[in-house]
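Each remark here refers to the structure printed beneath this line.
The values are calculated or read from the model by the stated rules, or taken from the named source; none is laboratory data. Treat the numbers as computed from the prediction; the structure is a model and nothing was measured. Note that each Cβ is placed from the backbone with ideal geometry, even for glycine, and that neighbours are counted across all protein chains shown.
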Amino acid sequence: MKVRYRAAAGLAVLAMAVAACGGGGGDAKKPSAEQSQQAQQQAAALPEVSINETPYEQVPDGGTVKLALQSWQTQWNYNQTQGTKGDVRDAIYPMMPFISISDEKGQVTNNPDYISEWKSEVVDGKQTVTYKINEKAAWSDGEPIGFADFEAQWKALNGKNKDYLISSPDGYDRIQSVEKGATDKDVIVKFSKVWPAWQGLFSPLFPASINKTAEGFNKGYLNKIPVTAGPFKLGKIDQTAKTVTAVRDDKWWGRKAKLESVVFRAIDLSGHVPAFANGEIDAVVIGADGAKYQQAKDVAGADLRKAAGPIWRHFTFNGASEALKDKNVRHAIFMGINRTPILQSDLQGLDWPMQPQDNHVYVNTQKGYQDNSGGLNTYNPDKAKQLLDAAGWKLEGDVRKKDGKELNIRFMYSADLAVAKQEGELTQAMLKEIGVKVTLDAAVPDKFFDRINEGDFDVTPFVWEGTPFPLGNLFQLYGNPPDSKLFNNNFTRVGSAELDAAMDAAASEIDPAKAVELGNKVDQLIWDQAGVLPLFQRPNIVAAKAGLANYGAFGFSDRDWTAVGLKK
């Protein structure tokens, strides 16, 4: 499973002006130990899932559920570097083979609709995973799902052929071979090096007809979804209306889907709650947006569903930019940012714990979470000034300069996210106190992640959506970038051989307790790189029609689209 990203986190909380925060923090001091403990207890008490769970037999047959995408997508291959986004996963989930299922506790099992049996064992000193594919499983073009699909996906994603623009080779690069067993429905995967997160591989699975060539991989799902294999199939992609319609597939071999269709429509974030209020969509992701939370509560028949999940808000720093290429400068800026007023601004009015996130591997409510920051998470403007002085950035008037150039940081954000602008304004006021100039840079929403991919920013806020395999996704985000076509989700553009070795050791550890220990050693090194400043575990809050069954705040769990429906 790959980590995916979204622009949204908090959406539009502007009640807290910069002046009210006293610039660099003012009265918004670091929470006391008692307040932090209380926030931790509140986080631990959050529901694991909230979806209006309803037995399949009690869900009426028929109807259409309408949902919103944050922005219009063009690449629908989730494994391609431009496709590893939350919107893409949401839209393809009812139509494509996700061969693994995670429950609310993050425990992963095989999806019997696709994989009847799977097993990992050591054979002749090699980790060997065997898959028994469901005999009825077939693609929408009539081709059976089989060994060839697994082999082609491995070759596409293992990183050896750089013409395949992949978001990550994690796990696939450790596979030594993919072999056919007794039949085309039997797959034997042998690893050259152990991969404990093997359950996350091949999910989603794409057809060999697409993966067998780089051209097909990169462009086969560009502006189209030609082949599917799920309870729904593609009805229509409407570029003008910016909608993707999935319709019930009568050839589906599993449990019949209750809904006739699902419509995903790209709507500007500012229009999500109004569209929900007007009945244009049946559910809306609130995220960390107190204003929209209150607005949604006032919608007749709305049900607010919340859960804790692997979703976290952060600032990404571009270590390849001229202003931030010095790690000591990034350290200084980390300590020049007071996260407390940012949390207070983003999370106010949400009935959500005011708890900062201090780990890049585990979220607050996840086993293994601990603070490994070494003080880089602590607001310390005096230390920040010392580091900048030592790095040669001397204060001249209000702004530091070096070799005649100002220390000017571009804070790039999606223009439709008022909360991101607010985060920028708060950061601007804080860093002014240590002599760092911050220029706010509003990006056209549909170009926001294009600019991140291109490195056209210094600092930018967005959300990472994790998986039940925290140690299996690390290279995707923090791997030392050896090539512009690989590890494209390491938007920090910094890394090290030491960090790579630590991630490799953590990802290879079978013993759970030891793996957690190694994961936290990785986190310590990530903090030192100072490429990503965590803010908070983002609220997983969804406002839904009261009658919408088996859909909402999923936390760590996967959704079952056969059971989603509309009750009267």
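What pairs come up if the first residue lies in the range 386-403 and is surrounded by 14 or more Cβ atoms within 10 Å (Cβ to Cβ) and hydrophobic (A, V, I, L, M, F, W, C), the second is modelled with pLDDT of 95 or more and part of a helix (DSSP H, G or I), and their beta carbons are under 6 Å apart, counting only those six or more places apart or on different chains?
So the pair list comes out as Leu387/Asn328; Leu387/His331; Leu387/Ala332; Leu388/Ala332; Ala391/Asn328; Ala391/Val329.
Would you mention how many residues in the range 529-557 are of a type outside the set (Gly, Ala, Ser) and not in a strand (DSSP E or B)?
Residues that pass the stated criteria total 7.
Residues checked against (1) part of a strand (DSSP E or B); (2) of a type in the set (S, T, N, Q); (3) within 21 Å of Ile311 (Cα to Cα); (4) assigned by TED's automatic domain parsing to the domain that holds Asp351:
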| residue | (1), (2), (3), (4) |
| --- | --- |
| Trp464 | yes, no, yes, yes |
| Asp504 | no, no, no, yes |
| Leu518 | no, no, no, yes |
| Trp527 | no, no, yes, yes |
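Starting from residues that are buried (at least 18 other Cβ atoms within 10 Å of the Cβ) and not polar (S, T, N, Q), keep the ones in the range 361-375 and report whichever is modelled with the highest pLDDT.
Val361
Please find, within the range 558-567, the residue that is nearest to the chain's Cα centre (by Cα) out of those that are part of a loop (DSSP other than H, G, I, E, B) and not small (Gly, Ala, Ser).
Asp558
Out of the residues in the range 240-270 that are more than 16 Å from Met95 (Cβ to Cβ) and without any contact (Cβ under 8 Å) to a residue 60 or more places away in the chain, state the one that is surrounded by the most Cβ atoms within 10 Å (Cβ to Cβ).
Ala241
Please give the strands (runs of 3 or more DSSP E) falling wholly within the range 174-277 in which 1 or more residues are out of contact with any Gly (no Cβ under 9 Å at 6 or more places or on another chain), assigned by TED's automatic domain parsing to the domain that holds Glu121 and at pLDDT 95 or above.
175-180, 186-191
Take the range 434-451 and flag every residue that is surrounded by 22 or more Cβ atoms within 10 Å (Cβ to Cβ) and not in a loop (DSSP other than H, G, I, E, B).
Once the filter is applied, which keeps residues that are surrounded by 22 or more Cβ atoms within 10 Å (Cβ to Cβ) and not in a loop (DSSP other than H, G, I, E, B), the range 434-451 yields Val438, Ala443, Phe448.
Mind checking which residues of the range 404-433 are in a loop (DSSP other than H, G, I, E, B), modelled with pLDDT under 95, crowded, with 20+ Cβ neighbours inside 10 Å and aliphatic (A, V, I, L, M)?
Leu417, the sole residue that qualifies.
If we only count strands (runs of 3 or more DSSP E) wholly inside the range 75-148, which ones have 2 or more residues that are surrounded by fewer than 19 Cβ atoms within 10 Å (Cβ to Cβ), aliphatic (A, V, I, L, M) and more than 19 Å from the chain's Cα centre (by Cα)?
Here the list reads 115-123.
Yes or no: the range 291-313 includes at least one residue that is over 24 Å from Glu104 (Cα atoms), surrounded by 17 or more Cβ atoms within 10 Å (Cβ to Cβ) and of a type in the set (Ser, Thr, Tyr).
no
Do the conditions hold for Asp371, that is, is it among the acidic types (Asp, Glu) and either over 23 Å from Ser345 (Cα atoms) or in contact with a Ser or Thr (Cβ under 9 Å, 6 or more places away or on another chain) (or both)?
Taking the combined requirement at face value, the residue does not satisfy it.
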